[in-house]
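Engineer: Mind looking over this structure? Questions follow.
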Amino acid sequence: MTHPIQPVRGMNDVLPADIGAWQHLEQVARSIFEAYGYEEVRVPLVEHTELFKRSIGEFTDIVEKEMYTFEDLGGDSLTLRPEATAGIARAAISNGLLRGQRHKLWCSGAMFRHERPQKGRYRQFYQLDVEALGYPGPDVDAELIALSARLWRELKLARVRLTINSLGTPASRQVYRERLVQYFRAHESALDEDSRRRLLGNPLRILDSKNPDLRGLIDGAPLLTEYLDEESRQHFAALCGALEAMGIEYQVNPRLVRGLDYYSRTVFEWITDALGAQDAVCSGGRYDGLIAQLGGEATPAIGFAAGIERIVALLSQAGGVPPPRCPDVYLVASGERAERAALRLAEQLRDALPGRGVVLNLGGGNFKTQFRRADRSGAQFALILGEDELDRGVAAVKPLRREGSQSDCPLAQLPAHIASLL
Ligand code: HAM
């Protein structure tokens, strides 16, 4: 016997038993995004590798070691998107959407990162991504955070809290970066291998290290907030004020630096204590320099992405998944003639009762088997069509979820009768 083909590590199937939570999240999110004036876009899963190198940054974990990069048959280096922001920025430039215009966009879909898979961290994962292009803020920063807070409220997720920080401008960050390198160089022997490597390429990422041995050293490091330029300081103060005015609780985390290089000023993360190590359910920030860096006209922008698997896990934990939809009627038919008539009757019912769930028994079976299937389907009513009913021009209607006995109904009156019952 040939052995079954295994799934790719870190890439999951979402089966019907789990899809309810995904659909619920997607529906709630879509309706909130639209209500705030965001329009959906769909961008390719594959881009030129160069795009991600130039946007996310050469010395980030993503670009250094997590990208699915390959050469296509034409010899181009392509990469499966590890995130959506770079692709959306690229799309805005390629399609001439900017030119002094502003756009509020969202997209949803699969992202790919070759990380070490564990609970809440996968190699193919899904994001809901929201981007506001052409908005300098801080009003839009506050509104985007309010939008994400509304998402948690509508999903009834209580165990998430907001952390924010400001990374300042590239110039102020450069000054800070030099200070930080000085500090860590003075303690170089205490650094682990990863941090030593980061010291050369991306010293801010040392602050993000999860190594408990570095805790004390990191706690003693100079703070970015002490090096903020005046305008960034004002921007951040205005954001904090707006959040307070909207009653959104937050915590300033001066160590929040984010793992992608394109950020400037506002960064934020919604974290949870309910999922173990993978605690970020939604992260984002401002990226005022990115679009110019990719060859577009200078355009301030901000956005965030929420991890769908992590939110689905929270939803399941909180019992916030609506029950699956069951059919309204299940059509049972026995005998060749009746089975053929049932195929036609089911279509007639679907015409007459749009949106209603009409499931036809397929593949025959005796009445007992068919009734068992009808019951398992969760349908409200079974419709029974045997040779005898067919001869009399009726179908029998049998309630499956409530009291009441079976009764005959003339075929012509069936749609109206069912409509009155449901
Ligand atoms: P990110 O922090 O890399 O940011 O990812 C955003 C969210 O995606 C995370 O908070 C997490 O919920 C989820 N996520 C990330 N990696 C994985 C993984 N391997 N498995 C499961 N979930 C994961 C970005 O991607 C930025 N593009 C966000 C953004 C949009 N910034 C501005 N606009």
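Engineer: List the pairs whose first member sits in the range 82-98 and is without any contact (Cβ under 8 Å) to a residue 40 or more places away in the chain, whose second member is among the basic types (Lys, Arg), and whose Cβ atoms are under 6 Å apart, counting only residues at least 6 apart or on separate chains?
Structural biologist: Pro82/Arg113
Engineer: Now, a different point. Can you list residue pairs whose Cβ atoms sit under 6 Å apart, with the first residue in the range 25-45 being on the phi > 0 side of the Ramachandran plot and the second being among the charged types (D, E, K, R) and not in a loop (DSSP other than H, G, I, E, B)? Count only pairs 6 or more apart in sequence or on different chains.
Structural biologist: Short answer, once both residue conditions are applied: Gly37/Lys104.
Engineer: Now for a different question. With the range 67-130 as the region, which strands (runs of 3 or more DSSP E) entirely inside it contain at least 2 residues that are assigned by TED's automatic domain parsing to the domain that holds Gln278 and among the hydrophobic types (A, V, I, L, M, F, W, C)?
Structural biologist: 77-80, 103-112
Engineer: How many residues, within the range 1-55, are in contact with a Phe, Trp or Tyr (Cβ under 7 Å, 6 or more places away or on another chain) and of a type in the set (Val, Ile, Thr)?
Structural biologist: 1
Engineer: Looking only at the range 63-94, count how many residues are in contact with a Phe, Trp or Tyr (Cβ under 8 Å, 6 or more places away or on another chain) and polar (S, T, N, Q).
Structural biologist: Adding up the residues that qualify gives 3.
Engineer: Something else about it: Can you tell me how many residues within the range 56-66 are assigned to a helix (DSSP H, G or I) and either under 25 Å from Ala132 (Cα atoms) or more than 9 Å from the ligand (Cβ to nearest atom) (or both)?
Structural biologist: 6
Engineer: Based on what the data block shows, is Ser405 assigned to a helix (DSSP H, G or I), loosely packed, with under 12 Cβ neighbours inside 10 Å and either at negative phi or of a type outside the set (Phe, Trp, Tyr) (or both)?
Structural biologist: So Ser405 does not fit the description; no.
Engineer: Quick check: is even one residue across the range 340-352 outside any helix (DSSP H, G or I) and touching a residue at least 40 places away in the same chain (Cβ under 8 Å)?
Structural biologist: Scanning the range 340-352 turns up no residue that is outside any helix (DSSP H, G or I) and touching a residue at least 40 places away in the same chain (Cβ under 8 Å).
Engineer: What do you reckon, is Val267 β-branched (Val, Ile, Thr), farther than 20 Å from Ile56 by Cβ and at pLDDT 90 or above?
Structural biologist: no
Engineer: Give me the pairs: first residue in the range 105-128 and surrounded by fewer than 21 Cβ atoms within 10 Å (Cβ to Cβ), second residue hydroxyl-bearing (Ser, Thr, Tyr) and at pLDDT 95 or above, beta-carbon distance under 6 Å, and six or more apart or on different chains, which are they?
Structural biologist: Ala110/Tyr126
Engineer: What number of residues within the range 364-385 are outside any helix (DSSP H, G or I), in contact with a Cys (Cβ under 8 Å, 6 or more places away or on another chain) and not aliphatic (A, V, I, L, M)?
Structural biologist: Result for the range 364-385: 2.
Engineer: Select, from Ala158, Ala142, the only residue that is assigned by TED's automatic domain parsing to the domain that holds Tyr263, of a type in the set (Gly, Ala, Ser) and in a helix (DSSP H, G or I).
Structural biologist: Answer to the selection: Ala142.
The values are calculated or read from the model by the stated rules, or taken from the named source; none is laboratory data. A quick note: this is a predicted structure, and the numbers were derived from the prediction, not measured. Virtual Cβ from ideal backbone geometry, glycine too; neighbours counted across all protein chains shown.
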